[in-house]
Structure formats: C-alpha cells, structure tokens
Amino acid sequence: MSRVLLPALSALVLMVVPAQATPVAADDGAVVVGERWLDARTVDLTVSSPAIGGHVPVRLLTPPGWSPTASRTWPVLYLLQGVGDDYTSWTRETDVEELSASSDVLVVMPDAGRAGWYTDWWNGGRGGTPRWETFHTGELPQLVERNYRGGTARAVAGLSAGGTGAFGYAAKHPGMFRAAASYSGLLSTQFIGVPQFIYTTVLREGLDPYGPWGRETLVPDVWAAHNPRQLAANLRGMSLYMSYGNGFKGALDTDWWSYDAFETIVGTTSPDFVGRMRSLGIPITVNAYGGGTHTWKYWQRELRASWPVLMAALA
C-alpha cells in the first residue's frame, strides 16, 4: 500500500470506529482522557489514574464485530509486560494481532511502569503512588467494562515480571480471573537470591529498590503477602499455565553459544512453585522446556501454546 494513502486511511478508520462520546469514569475518578486508533482493531488509550498519580497508556485489540455501542460484551484477556518495557511490547514482539484476529476476546495491554512489579508500592510503609495493583485490578477493569464493552469473564497472562503479576493478581483477587498464564515469571519471590535480583531490576530503572515491598529480611510478611508461592492455594479452580527455561542455549537460540542468567534464576526457582502446587493438589499445565533464554522468541511460542487454555477458560 502506498504510504501516501496511509493518512487518509487513518482518517477513515477514525470516522468508521465510533468513540465513546462521554467516557464513564471508574469509581475513584480514573477516566480515559485520550483515545487514538492505530488501525481498525487497535486503539491506544490514555488513562488519568489517581492510583498512579498521572497518565497511563493502555493498548486494546478489539475482536471481530466489536463496537463500543454493541448490546453484548466480550471476554477480556489482560497481557502484562516485563521489566524495562512498556504497553507496546506484545504487539511489537509477538503476533498477538494475528493470533487474536479470529478469537472472540478483547485483548487489553496496560502499561506497568518500567519496574512497577505489579504491586501497590509499600514505600517504607507510607503507601501512596504508584499503586499498580489498584490500577490494573480496580481502575482499568472498570474503565474497560464501562466504556469498551469488556465483560466479567477475564484471563491474565504475562512474561517475566508480568508472569509474577499474572499469578499474583489471580491469587490476590480470587474470582476475578478464570485463567492465568506465566511465561518465565518469578513465582517464588522469597526464594534465596530472588529479592536481591528484584532490587536490582528496580534500581536499574533509577527507582528505590525497596519501594515495592521493602527489604525482605526486615519485612518478610510484606513480601509473603505478594508472593505467588505463598498465595498458591488461592489459585484453585482456575485454568493455569506456566513455562520456563534454564538459561542455556535452546531450540530457538541461533548463536553458537547462548546463556541467560535471568532465565537461569527463573529456571532454578520455578520448581519450588510447581512443588507447592503439586502439594496442594492444584492442577497446572507446566512446560519446563529446559534449554532456552529469557527472550521474546520463547514467549511468542508460549503465548501460542497457552492460547487454547486461555480461550477455553473464557469461552
């Protein structure tokens, strides 16, 4: 297609996809203040969020036949990013647009900060912003359901820290999600060495490393309240999928030598979570694929592998 036609096509998309005339706010006043259609299915929202104390971008992929004025609602899949990335990562790095094109589901990809760790930050016991959990599980679902025909059948999936968030949110909010998937997520956050790794990811983004949950050795109860392993019993009754590698060269790595310390940490700690689930008698699909790095090529594969699990739960 000629590049000359793209502006005209964009204008046409804006004309034929009706916008919400008067956005309906969430209970705490969060509201959509910007809406930009990228194509006939993809819209970027700007949310004014009291929980975050500013504006937060969110990307939606609408399903076939979707309309903001439809009389029906659609199931919702929330896709969560990793540390050091943003809300565009899933459409930038995977084929989720193609994968979801024939699925009767609204895909919601919210920003989560560069290292927000999917939690309301403890901030030394003072609380306050950012409150990412409040945004993702309170404000955002209300906005999606009140303005974009999202339904109450929900699933959540994420990679790396987003996998931690997916299982953490599902466990802390029983009944909110029908399914959860984690790709290379840290699901045993109090395993030896993991708190120090999390501190590093936050500090790397120029933020307070103890902001999310404090120093684990001083406030282990705060960490436990957000540790998927400690909350595992709350996952009973959901459709669950998790996958991880060991950090060494795998089937999708093309370099003659590949090693990824991040995935080694994930691969070392994930069996602890799996063991906890087995001891509780909670069914979970586990793909411990051995060789594999902490990279998108594996998460793309695992998104496709888990898609039937997620869609069956939402059907």
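Since every read-out is calculated from the coordinates, none of them should be taken as a lab result. Please read these numbers as outputs of a predicted model, since none were measured by experiment. Note that we place each Cβ from the backbone using ideal geometry, even for glycine, and neighbour counts take in every protein chain shown.
Ordering Ser239, Thr129, Gln142 by the projection of their Cα atoms onto the charge dipole of the chain, which places +1 on the Cβ of Lys and Arg and -1 on the Cβ of Asp and Glu, puts Ser239 at the extreme positive end.
Normalising the average separation of contacting C-alpha pairs (under 8 angstrom, six or more residues apart) by the number of residues puts the relative contact order of the chain at 15 percent.
Here r is the Cβ-Cβ distance between His55 and Thr264 and R0 is 30 Å; the resulting FRET efficiency, rounded to 0.05, is 0.25.
Work out, step by step, the length gained on full extension between Arg72 and Arg236: first 0.36 nm times the residue separation, then minus their alpha carbon distance; give nm to one decimal. Separation in residues times 0.36 nm, less the Cα-Cα distance, equals 56.1 nm. Residues in region 103-117 carry Karplus couplings, in order, of 9, 7, 8, 8, 9, 10, 10, x, 5, 9, x, 5, 7, x, 6 Hz; the curve used is 6.51 cos²θ - 1.76 cosθ + 1.60 with θ = phi - 60°, and Gly or Pro positions show x. Principal-axis analysis of the Cα atoms of the chain puts helix 161-172 at an angle of about 90° to the longest axis.
Between Gly151 and Trp74, Val76, the built amide H atoms are under 5 Å apart, and every one of these is 5 or more places off in sequence or on another chain. For the chain, take the longest principal axis of its alpha carbons; what is the angle in degrees between that and the long axis of helix 5-16, to the nearest 10 within 0 to 90? Long axis of 5-16 versus the principal axis of the chain: about 80 degrees. Helix 261-280 and the longest principal axis of the C-alpha atoms of the chain enclose an angle of approximately 80°. Each residue of region 5-314 gets 137 Å³ once the volume of the Cα convex hull is shared out per residue.
For region 52-136, the share of DSSP beta bridges that are antiparallel, to the nearest 5, is 60%.
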